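The values are calculated or read from the model by the stated rules, or taken from the named source; none is laboratory data. Model, not experiment: these values are computed from the prediction. Reconstructed Cβ throughout: ideal geometry from the backbone, glycine too, with neighbour counts over all protein chains shown. Quick note on the areas: whole protein, heavy atoms, side chains included, nothing else; ligands and nucleic acids left out. Shrake-Rupley method; radii C 1.70, N 1.55, O 1.52, S 1.80 Å.
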Amino acid sequence: MNTKTSVKTKPRKIIREREENLAGYVFIAPMMIGLIVLTIIPTIITLILSFTEWSFIAGINKIKFNGLENYVKLFKDQVFITSFRNNLILLLVVPLQLILSLVIAVIVDKYVYFKSLLKVMFFMPYISSIVAVAIVFQLLFHPSFGPINQTLKALGMANPPKWLADIHYALPSVMIIMIWVGIGFSMIIYLAALQAIPRDLYESAEIDGASTSKKFWKITFPLVSPTTFFLLVTGLISSFKAFDIIKVLTNGGPAYSTSVVTHYLYNTAFEGLKTGYASSIAMLLFGCVLLITVIQLYGQKKWVNY
């Protein structure tokens, strides 16, 4: 009887497993279809087009393969080199933003009442329209009539910076705005991480006579390192994808001082109509982001504490 029962139940288990597997495939199918159609296939097509000299308005039959010519041309293109250098400078936004947001999060978590109100206030710039934010800062940074320069003149500065109109101050101005926009999101994430730290660790440290700074470096900073790693990875990737704020705020000027790779890619593809050349820019950008991500994934083993 036992043998017959096991023989009967075995097909049922197989059928049940197949039904569970089928249900799993059904649930992940929308995500996988979206990933394949919207990400994997376009990436493969972009890679192929990066070896061509082609404009999308010319038609598929006009595609002409030119090997590595586009990539060779990139490293001689001064506008691309300037844009890439600006992207590397923009990476400084991420550590500055993380430092400020962590300090604010610690202060809000320990010493400030009405935490919910402050969370909303700091988070508002992040969820606001980037177009509206850019227009507001265009007015604030206006070289002649902007409130910032008017205040500096009232304080005795005869020749305040031209900000967005000056090639030396335009990119730092953009970085200030990016920090202001993103600091709220990082602060919210850090606050959640801080509230998850067991309070008895701080109590034990106080009993041992640990100072505030020592508690921060020995308890707080190591225990929020996974959050720091997450914000660092996403922040660096976002800084390489910065486009909308540059497009609205400065359109890459003055004299390409705020041009970044994505902005130059857009101009090359949709204004210059050089689809093949723009594809090579996109692939080089993809490679840079992938390299930074791999380096961080390797480095997390040494400084991230789970």
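Using 1/(1 + (r/R0)^6) with R0 = 25 angstrom and r between the beta carbons of E69 and F270, what's the FRET efficiency to the nearest 0.05? Numbers along the way, then the final one.
Working: r = 21 Å, r/R0 = 0.85.
The computed FRET efficiency comes out at 0.70.
What nm distance separates the two modelled labels at N159 and S211, each placed 7 Å from Cα along Cα→Cβ?
4.4 nm
Beyond 17 Å, what share of the Cα-Cα pairs of region 196-306 is found? Please give it as a whole percent. Before the final figure, lay out each step's value.
Values: 4125 of 6105 pairs.
Beyond 17 Å sits 68 percent of the P(r) for region 196-306.
Three principal axis extents, largest first, for the C-alpha atoms of region 145-207, in Å?
The Cα atoms of region 145-207 stretch 55, 23, 18 Å along their principal axes.
Calculated from DSSP H runs of 4 or more alone, at -39500 (n - 2.57) each and per residue, what is the 222 nm mean residue ellipticity of the chain, nearest 500?
Roughly -22000 deg cm²/dmol at 222 nm, from the helical runs in the chain.
Averaging sequence separations of C-alpha pairs under 8 Å and six or more residues apart, then dividing by the length of the chain, give the relative contact order as a whole percent.
28 percent
Would you be so kind as to identify all helices of the chain, as entire DSSP H runs, whose Cα atoms reach 30 Å or more along the helix's own axis and whose mean Kyte-Doolittle hydropathy is at least -0.5?
Membrane-span-like by this criterion, though nothing is claimed about a membrane: 2-35, 170-195, 275-303.
From the residues I33, A58, I14, which one has its Cα farthest along the dipole of region 2-70 in the positive direction, the dipole being from +1 and -1 charges on Cβ of Lys/Arg and Asp/Glu about the Cα centre?
Going by the charge dipole, the pick is I14.
Counting only protein chains, not ligands or nucleic acids, how are R12, R199 ordered by accessible area (probe 1.4 Å), most first?
Most to least solvent-accessible, the answer reads R12, R199.
If you take the beta carbon distance between M124 and L88 as r and set R0 to 30 Å, what does 1/(1 + (r/R0)^6) give as a FRET efficiency, to the nearest 0.05?
FRET efficiency, M124 to L88: 0.50.
Given the options S101, C288, T46, identify the residue whose Cα lies farthest towards the positive end of the charge dipole of the chain (+1 on Cβ of Lys, Arg; -1 on Cβ of Asp, Glu).
The residue sitting most towards the positive pole is T46.
By what distance, in whole Å, do the Cα atoms of region 113-228 stretch along each of the three principal axes, largest value first?
57, 32, 27
Testing the spin-label approximation: label points 7 Å from Cα along Cα→Cβ at K110 and K301. State their distance in nm.
Distance between label points: 3.4 nm.
For region 70-151, what is the convex hull (Cα atoms) projected area averaged across all directions, in square nanometres?
Numbers: hull surface 35.9 nm².
Approximately 9.0 nm², given one-decimal rounding.
Roughly speaking, what is the stretch gain from L139 to M32, that is 0.36 nm per residue apart minus the C-alpha to C-alpha distance, in nm to one decimal?
Gain in length upon complete extension: 34.1 nm.
For the chain, modelled as a Gaussian network with Cα springs under 10 Å, which listed residue fluctuates most, I48, I127, I281?
I127
Take the Cα atoms of region 2-70, build their convex hull, and give its volume per residue in Å³.
Spread over its residues, the Cα hull of region 2-70 gives 141 Å³ apiece.
Which cross-chain or sequence-distant (5 or more) residues have an amide H under 5 Å from the amide H of E53, H modelled 1.01 Å from N in plane?
Correct list: K64, F65, N66.
So between E19 and I167, what do we pick up on full extension, going 0.36 nm a residue minus the alpha carbon distance?
Contour length minus the Cα-Cα distance gives 47.0 nm.
Taking Cα centroids, how far is region 45-97 from region 174-206 in Å?
Distance between centres, Cα-based: 37 Å.
In the calculated pair distance distribution of region 218-262, what percentage of Cα-Cα distances lie above 11 Å?
Result: 70 percent of Cα pairs exceed 11 Å.
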